[in-house]
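Just so it is clear, none of the values below were taken in a lab; they were calculated from the coordinates. From a predicted model like this one, the values you see are computed outputs, not experimental measurements. Don't worry about glycine lacking a Cβ; one is built from the backbone with ideal geometry, like all the others, and counts go over all protein chains shown.
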Amino acid sequence: MKKSAHLFFGLFMLMTLFSSAQDKADKELVETYLEANGSLDQYKFAYDQLLIMLNKQYPKSEANAQGWNYLQDNKEKAMVDMKSLLAPIYQRNFSQADISEMIGFYQTETGKQLIKDRTKMTEVQKQELNSYYSTEVGQKVIEKQSPLSEAISAASENWSRDLYETAVSLLKSE
């Protein structure tokens, strides 16, 4: 009886370790995708715009200098936080293989041009985009667009609200 309990415990621990490593690998893959498809650039831009807006309301002073320093040094952490909010959304909707294929598309010249300026895509690039959307993964992207948009919007809203509230609390002079 003890042997089977030890064996069961050992298998349980091994499966837990494997699952944790798999989750980390999946999360890292999603983070690579978010970099490749330009999503994180949008959040970096939003962060910068927030600082510009806040600078008008709360110009840097001796009283809030520490808060400004924190905000200026915190951009990377804010991006990590955003990735942590977005990763589970993609993990729920796409397999590792799907995400790898999506990354592959965004690493092509067509994918890069799509991110940069869709209106300047060549006819060949438009055909390549249509071909991508006709693949199994492309169809899945189209199919999941609405629920993904809703979940991403909610995550973005929470991130923005928390970031704004933190920033204001750091910059407000009492």
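This table checks each residue for (1) closer than 17 Å to L170 by Cβ; (2) hydrophobic (A, V, I, L, M, F, W, C).
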{"site": "D48", "(1), (2)": "yes, no"}
{"site": "L71", "(1), (2)": "yes, yes"}
{"site": "L85", "(1), (2)": "no, yes"}
{"site": "M102", "(1), (2)": "no, yes"}
{"site": "T119", "(1), (2)": "no, no"}
{"site": "T135", "(1), (2)": "no, no"}
{"site": "P147", "(1), (2)": "no, no"}
- prompt: Only one of these conditions is not met by L129: (1) touching a residue at least 60 places away in the same chain (Cβ under 8 Å); (2) touching a Leu at 6+ places or on another chain (Cβ under 8 Å). Which number is it?
  reply: (1)
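Let's see how each residue does on (1) touching a His at 6+ places or on another chain (Cβ under 9 Å); (2) within 20 Å of Q42 (Cβ to Cβ); (3) surrounded by fewer than 16 Cβ atoms within 10 Å (Cβ to Cβ):
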site: M82; (1), (2), (3): no, yes, no
site: Y90; (1), (2), (3): no, yes, no
site: R118; (1), (2), (3): no, yes, yes
site: M121; (1), (2), (3): no, yes, no
site: V124; (1), (2), (3): no, no, yes
site: Q139; (1), (2), (3): no, no, yes
site: N158; (1), (2), (3): no, yes, yes
site: K172; (1), (2), (3): no, no, yes
message: Out of everything in segment 21-75 that is small (G, A, S) and part of a helix (DSSP H, G or I), what residue ends up being surrounded by the most Cβ atoms within 10 Å (Cβ to Cβ)?
response: G67
message: Within segment 114-123, does at least one residue satisfy the condition of being touching a Leu at 6+ places or on another chain (Cβ under 7 Å) and of a type in the set (S, T, N, Q)?
response: no
